[in-house]
Amino acid sequence: MSSTETDSIKYRRALGCFATGVAVVTALDENGEKIGITVNSFNSVSLNPPLVLWSVGEESLSYKAFVDAEHFAVNVLATHQQAVCERFAARGNDKFDGLDCKPGVAGVPVLPEFSAVFECRTEHRYDGGDHKIIVGRVLSFEDKKSDPLIFYRGHYLK
C-alpha cells in the first residue's frame, strides 16, 4: 500500500469522527427520470435567505444530472431508514422501485418517509476537489419531528 493510500485511509477514518445525519438527495434528470443518491454532506448555509448545501462526487453515475438539475430535494432519513440509505448508496439499481414517492417542487420526487425534507432550487455550484458543491434555496420544507439516522465511524448509531 502506498503512502498516499495510507494517508487517504487515515484521512477518511479521521473524518468519520464527525457524526453526521444521512439524507437522500433526489432530482429529475434531463429526461425527467428520477435520480437519487445517499449523502452525508448536507449542511445549512443561511437562514435568510434559506440556503442549504450538499456535494456530489465526480465518480457518481448521476453526477452530471445532479450538477445540471435546477431543483432537488434533500430527504433527511429517520432512524428506521437504514435500508433506504443503503438502497440509494448502491450503484446502478432502480432505486425508486416500490417507493411511493410524491412529486414535490418542479416534480422532484419526495420520499414517502423522512425525518425532514427540504425542497430546493439550485442557486450555486462550486468546484470542490473531486466533488461539486451544490447550494440550494429552500422553497419548501417539512419536519416530521422524528429522530434522524446518524452515521459515525463507519456505523449507524441506534
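Readers should treat all values here as calculations from the given coordinates under stated rules, not as data from a laboratory. Being a predicted model, the structure only gives us computed values, none of them experimental. Neighbour counts run over all protein chains shown; Cβ positions are idealised from the backbone, glycine included.
Protection proxy ranking, highest mean first, for peptides 45-53, 83-91, 21-29, 107-115: 21-29, 107-115, 83-91, 45-53, where packing is the per-residue count of other beta-carbon atoms within 10 Å, averaged.
Relative to the dominant Cα principal axis of the chain, helix 3-15 is inclined by about 50°. For residue 145, the lysines whose Cα falls under 27 Å of its own Cα, not counting residues fewer than eight places away in the same chain, are 34, 95, 102, 158. Apply the a/c threshold of 1.5 to the C-alpha gyration tensor of region 22-112 and tell me whether it is rounded, prolate or oblate. Verdict is rounded for region 22-112.
Computed from phi, the 3J(HN,Hα) profile of region 114-126 under the Karplus parametrisation 6.51, -1.76, 1.60 (θ = phi - 60°) reads 5, 7, 8, 9, 10, 9, 10, 10, 5, 9, 8, 10, 10 Hz, with x in place of Gly and Pro. When only alpha carbons are used to place a centre, region 95-130 and region 3-46 end up 14 Å from one another. Remark on residue 140: its backbone amide H falls under 5 Å from those of 119, a criterion applied only to residues 5 or more positions apart or on other chains, H modelled at 1.01 Å from N. Here the Karplus curve 6.51 cos²θ - 1.76 cosθ + 1.60, taken at θ = phi - 60°, turns the phi angles of region 129-139 into couplings of x, 8, 10, 10, 8, 10, 9, x, 8, 6, 9 Hz, with x standing for Gly and Pro. In the chain, the calculated helix contribution to ellipticity at 222 nm averages -5000 deg cm²/dmol per residue, counting -39,500 (n - 2.57) for every DSSP H run with n ≥ 4.
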